[in-house]
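Working notes, structure below.
The values are calculated or read from the model by the stated rules, or taken from the named source; none is laboratory data. What you see is a predicted model, and the numbers here were worked out from it, not measured in a lab. Here the Cβ positions follow ideal geometry from the backbone for every residue, glycine too, while neighbour counts run over all protein chains shown.
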Amino acid sequence: MTKKVCPFCEIDLGKTEVIEESELCFVALSNPRLIVGHLLVIPKRHVERPWELSAKEAAALYEVVIRYQKKIVDLGIATGCDVRQNYRPFIPQGKIKVDHMYFHLLPREPEDEYFEKVQIGERDLWRDLSQTERQKLKKVFS
Ligand SMILES: [Zn+2]
């Protein structure tokens, strides 16, 4: 059996530009990237499910995510910034999906390319919450 290589545990510095490193996490330019200025905030320990992070790791990651979100706006990289974390174990690890959990920071502008190509149809998905759905989900999550 071949050992599964994790690109975030064994960083290839020739491919990945790390812009900040601390005891628990690092920030890198996403490569490939979705939007100019797309950053990744990655815990150093290999964790696949976000709920496996220790409280200390979660706090450290969140502090960095928020600080870089502010940097993106303050430095004028963009006027907005999406923060995203995807947990999709059903997608195999590949060029644009790594099993090691991480956050995406996506600099955003109104009606930017991402909006025009990806999110424009999202408007049609919004629905008012029905009373039945509301009660059912409240029960499920309580
Ligand atoms: Zn890893």
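Filtering the stretch 2-30 down to residues that are of a type in the set (A, V, I, L, M) and over 21 Å from Phe90 (Cα atoms), which residue is nearest to the ligand (Cβ to nearest atom)?
Among those that are of a type in the set (A, V, I, L, M) and over 21 Å from Phe90 (Cα atoms), it is Ile11.
Please specify each residue of the stretch 83-107 satisfying the condition of being of a type in the set (Gly, Ala, Ser) and in contact (Cβ under 8 Å) with a residue 60 or more places away in the chain.
Those that are of a type in the set (Gly, Ala, Ser) and in contact (Cβ under 8 Å) with a residue 60 or more places away in the chain: none in the stretch 83-107.
Taking the condition of being within 12 Å of the ligand (Cβ to nearest atom) and within 30 Å of Asp74 (Cα to Cα), how many residues in the stretch 31-52 meet it?
Qualifying residue count, the stretch 31-52: 4.
Is it the case that Val47 is touching a residue at least 24 places away in the same chain (Cβ under 8 Å) and not aromatic (Phe, Trp, Tyr)? Before the answer, list the steps.
Numbers: touching a residue at least 24 places away in the same chain (Cβ under 8 Å): yes; not aromatic (Phe, Trp, Tyr): yes.
Spelling it out, Val47 is indeed touching a residue at least 24 places away in the same chain (Cβ under 8 Å) and not aromatic (Phe, Trp, Tyr).
Is it the case that the stretch 122-133 has a residue that's modelled with pLDDT of 90 or more and under 30 Å from Glu52 (Cα atoms)?
Yes, that holds for at least one residue.
If a residue has to be touching a helix residue (DSSP H, G or I) at 6+ places or on another chain (Cβ under 7 Å) and over 16 Å from His104 (Cα atoms) to count, how many in the stretch 23-52 make the cut? Before the answer, list the steps.
Just the residues of the stretch 23-52 that are touching a helix residue (DSSP H, G or I) at 6+ places or on another chain (Cβ under 7 Å), to begin with: 24-25, 27, 34-35, 37, 39, 41, 43, 45.
Filter again for over 16 Å from His104 (Cα atoms), leaving 24, 45.
Summing the residues that are touching a helix residue (DSSP H, G or I) at 6+ places or on another chain (Cβ under 7 Å) and over 16 Å from His104 (Cα atoms) in the stretch 23-52 gives 2.
Mind checking which residues of the stretch 9-44 are in contact (Cβ under 8 Å) with a residue 40 or more places away in the chain and polar (S, T, N, Q)?
If the condition is that a residue be in contact (Cβ under 8 Å) with a residue 40 or more places away in the chain and polar (S, T, N, Q), then Ser22, Ser30 are the ones that fit.
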